[in-house]
Amino acid sequence: MPQNTINIGILAHVDAGKTTITEQILFQSGALRNMGSVDKGTSVTDHLAVEKERGISVRLATASFTYKDTHINIIDTPGHVDFCAEVEYSLRALDAVVLVVSAVEGVQGHTLSLFQAIKQLVIPCIIFINKIDRVGADVAAVMLDIETSLSKNCILLQGTLDEASGQAQIKSKWNSQLFNSSLCEKTLEKIVELDEALMDSYLNGENLDFSRVDAVLMQNTAIFQLIPVLLGVAKNGVGILELLDAIVAYLPKANGYRNKPLSAVVFKIEHDITLGKMVYLRVFEGQIKSKDVLHNATRAKNKTQKAGQLKSIFKGKYLDIDKISADQIGIVSGLSEAKVGDIYGNDGSIPELFSLSTPMLTVQVTPNNPSEIMNLVQALDQLCDEDPLLAMQWLSDLRELHINITGMIQVEILEAVLLDRYGLIVNFSAPTIIYKETPKKCAFGYERYWMPKPCWAIVKFKIEPAELGSGVSYYSQVGVNDVAIKYQKEVELNIDKSLQQGIKGWQVTDCKITLVEAEDHNVHSRSGDFAIATPLAIMNGLVESDTTLLEPILSFYLSASMDLLGAITSDITKMRGTFENPEINNEIFVLKGKVPAATAMKYPIELASLSAGKAKISTQLCSYEACTDEQGKTTDYRGVSPLNRDKWILQARGAL
């Protein structure tokens, strides 16, 4: 295997052409003998039936190949915002990114979100402007859009010939002959200003050595100070070899060490009919060999499991391998407890998780045939391994299933996947915004659970509201002379469970819980007594304190032409939103602010209609803030509520 390795992601707004680019990269590098097609459902990275039918990527896919003595692991990601959890997890496995932008549509809403993630994580990047052959393609306008919306550090390394026509080609490629061209002047200025000696030579009118300039470009691309921009027509293969050359030349290679302790992250899970659960890991440090005992640092009980078969994907095929070394991507079987996002070993080398989109909707899922409910539970449990953000909730007493989703396209895809993979026909309820609740005031919750014997658990909690966004904190003022340590641990382990649903049906957060009094009995107390008493006391305390609904708030970045400023600011105000003073440049305004998710869910569609598709909006969950019960929504408790004390105890003791 070549000494150099790079793990690269292909990212884009939906329909910008990233899967076609991936296909062309694999073909032109020699990894594929024949070109696949997204439109025909034959692309190598769109392998799910639903992807082939719809022509969109819904799962990330990996492929490996060698180009110019560099081993390249490529990750093709979904472009639709409903599936950006896949992008979220893949970002932790990457050394660099190719961000694809359409030459016609330019920077779009999801492009903004993707670039924000790349910027925050400081992932070196190349931008590829695709579809320069389409009618309406305007590279100069798109470059201005990129510099305005993304970064002024983007530099165009190529020009076009016969732009916006079927004969579109690349001209003026980045090389030593460009130094006297008008294209190169702006590019040169951005490069030389990052190197004092080079700047002096440039200002003195000296002839600049290309290799010297190119070295500065490479150094600063690697640290996200410069972002090269390339051009092409992916469907025709135009610009793909130049893109490959730029990936190898300018993007940094991985630099892990195999003789260090293991540090690896799970970024994808598949369930194969033959091979079973397949866990995709990026190894940052150390190495994994078959039969190694791996320590899962993410699981609550710090699970350890033995690695089974090891595989890699090379030139589109699974290959058996004997180890996965630092910097490599590989597939491990045998890790039945693994979930996407889990860390094996230590996390010292692994990038933080950047949230691109937190699910803000919940739906109930029901099988068309009620007798298949347990099959549906098992299917969704598998899908939750692959996407933990689904957060399946199985209410066995009600025989109800609920999951969290990002949008309605995700529902359509889940429906197709459940039918294709599991043979299940299912129905989804209308989605509901996910609210939360927090105590209104300080209160006490008490429970004396001592009948019917044998049982004995007496607890009293002080429940206090805390700062918004602070989450839940738990403390105990009770000594081991009053309650044995094993029962105190039982209380602590059940705090989060007790707050999953409050008196208005939503998760309780932003509060401080303190165990102020408690008592066990050396004869009558049993394991599980305090697990029963804790939710009863907590819910009693929430009734005393009452709760305030919290609604999800989105931060937004919006740009549009000046003639729409009045209409858009009026819309935001009607949605209970707030915004900063607009930034205006070349008859385009940029507006930043916040708006409730409940009022803004459909606004991107309305904005597209208002602006004929020219306005851009990017949103991200930024906080949960208080709202009235009328502005939000209360819901019934799912399952048996602790407020129904007798039934709760019977259920907890397995008597129902």
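The values are calculated or read from the model by the stated rules, or taken from the named source; none is laboratory data. Since we're looking at a predicted model, the values are computed, not measured. For neighbour counting, all protein chains shown are included, and Cβ atoms are generated from backbone atoms with ideal geometry for every residue, glycine included.
If Ala234 passes every condition in (1) closer than 21 Å to Pro351 by Cα; (2) touching a residue at least 40 places away in the same chain (Cβ under 8 Å) but one, which one does it miss?
Going through the list (1) closer than 21 Å to Pro351 by Cα; (2) touching a residue at least 40 places away in the same chain (Cβ under 8 Å), Ala234 breaks only (1).
Go through the range 331-360 and give me each residue that's touching a helix residue (DSSP H, G or I) at 6+ places or on another chain (Cβ under 8 Å) and not in a loop (DSSP other than H, G, I, E, B). Write out each step before concluding.
Looking only at the range 331-360, we keep the residues that are touching a helix residue (DSSP H, G or I) at 6+ places or on another chain (Cβ under 8 Å), and these are 338-341, 351-360.
Hits for the range 331-360: nothing passes.
How many residues, within the range 84-93, are buried (at least 22 other Cβ atoms within 10 Å of the Cβ) and part of a loop (DSSP other than H, G, I, E, B)?
Qualifying residue count, the range 84-93: 1.
Kindly indicate which of Val332, Val340 is within 17 Å of Asn404 (Cα to Cα), β-branched (Val, Ile, Thr) and not assigned by TED's automatic domain parsing to the domain that holds Ile405.
The unique qualifying residue is Val340.
Could you figure out which of (1) crowded, with 17+ Cβ neighbours inside 10 Å; (2) of a type in the set (D, E, K, R); (3) farther than 20 Å from Ala63 by Cβ isn't true of Lys291?
Only one criterion is unmet by Lys291, namely (1).
Mind checking which residues of the range 385-401 are in contact with a strand residue (DSSP E or B) (Cβ under 8 Å, 6 or more places away or on another chain), touching a residue at least 60 places away in the same chain (Cβ under 8 Å) and within 22 Å of Ala338 (Cα to Cα)?
Asp385, Glu386, Leu389, Gln393
Please go through the range 453-475 and give me each residue that is touching a Leu at 6+ places or on another chain (Cβ under 9 Å) and either buried (at least 18 other Cβ atoms within 10 Å of the Cβ) or within 12 Å of Ala533 (Cα to Cα) (or both), ordered by number.
Val459, Lys460, Phe461, Ile463
Any idea which of Ser325, Ser333 is touching a Gly at 6+ places or on another chain (Cβ under 6 Å), modelled with pLDDT of 90 or more and polar (S, T, N, Q)?
Numbers: Ser325 fails: touching a Gly at 6+ places or on another chain (Cβ under 6 Å).
Among Ser325, Ser333, only Ser333 is touching a Gly at 6+ places or on another chain (Cβ under 6 Å), modelled with pLDDT of 90 or more and polar (S, T, N, Q).
Given the criteria within 23 Å of Leu383 (Cα to Cα), touching a strand residue (DSSP E or B) at 6+ places or on another chain (Cβ under 6 Å), surrounded by 19 or more Cβ atoms within 10 Å (Cβ to Cβ) and among the hydrophobic types (A, V, I, L, M, F, W, C), does Val283 qualify?
Here the answer is no, as Val283 does not meet what is asked.
Would you pick out the residues in the range 450-471 that are within 25 Å of Ser527 (Cα to Cα) and at pLDDT 95 or above? Don't jump to the end; show me each part of the working.
Filtering the range 450-471 for residues within 25 Å of Ser527 (Cα to Cα) gives 450-463.
Once the filter is applied, which keeps residues that are within 25 Å of Ser527 (Cα to Cα) and at pLDDT 95 or above, the range 450-471 yields Trp456, Ala457, Ile458, Val459, Lys460, Phe461, Lys462, Ile463.
All but one of (1) surrounded by fewer than 20 Cβ atoms within 10 Å (Cβ to Cβ); (2) in contact (Cβ under 8 Å) with a residue 60 or more places away in the chain; (3) more than 20 Å from Pro431 (Cβ to Cβ); (4) in contact with a Leu (Cβ under 8 Å, 6 or more places away or on another chain) hold for Leu621; which doesn't?
(3)
Could you tell me which of the residues Ile123, Ile155 is at negative phi, assigned to a strand (DSSP E or B) and surrounded by 17 or more Cβ atoms within 10 Å (Cβ to Cβ)?
From the options Ile123, Ile155, the qualifying one is Ile155.
Among the residues of the range 410-417, is any surrounded by fewer than 19 Cβ atoms within 10 Å (Cβ to Cβ) and touching a residue at least 60 places away in the same chain (Cβ under 8 Å)?
So far as the range 410-417 goes, yes, one or more of its residues are surrounded by fewer than 19 Cβ atoms within 10 Å (Cβ to Cβ) and touching a residue at least 60 places away in the same chain (Cβ under 8 Å).
Within the range 94-120, take every residue that is among the hydroxyl-bearing types (Ser, Thr, Tyr) and surrounded by fewer than 24 Cβ atoms within 10 Å (Cβ to Cβ) and give me the one that is modelled with the highest pLDDT.
Going through the qualifying residues, I end up with Ser102.
Closer than 19 Å to Ala307 by Cα, of a type in the set (Lys, Arg) and within 18 Å of the chain's Cα centre (by Cα) - does that describe any residue in the range 317-336?
The answer is no; no qualifying residue exists.
Of the residues Leu157, Leu161, Leu198, Leu188, which single one is at pLDDT below 95 and closer than 16 Å to Asn130 by Cβ?
Leu157
Looking only at the range 229-248, which residues are crowded, with 18+ Cβ neighbours inside 10 Å and β-branched (Val, Ile, Thr)?
Once the filter is applied, which keeps residues that are crowded, with 18+ Cβ neighbours inside 10 Å and β-branched (Val, Ile, Thr), the range 229-248 yields Val229, Val233, Val238, Ile240, Ile247.
Among the strands (runs of 3 or more DSSP E) lying completely within the range 528-627, list those that include at least 2 residues that are among the polar types (S, T, N, Q) and either at positive phi or not assigned by TED's automatic domain parsing to the domain that holds Thr406 (or both). Steps first, answer last, please.
On the way: elements: 547-561, 583-585, 588-596, 616-627.
Result: 547-561, 616-627.
When the range 433-488 is examined, which residues are found to be among the polar types (S, T, N, Q), out of contact with any helix residue (DSSP H, G or I) (no Cβ under 9 Å at 6 or more places or on another chain) and assigned to a strand (DSSP E or B)?
Once the filter is applied, which keeps residues that are among the polar types (S, T, N, Q), out of contact with any helix residue (DSSP H, G or I) (no Cβ under 9 Å at 6 or more places or on another chain) and assigned to a strand (DSSP E or B), the range 433-488 yields Thr438, Ser473.
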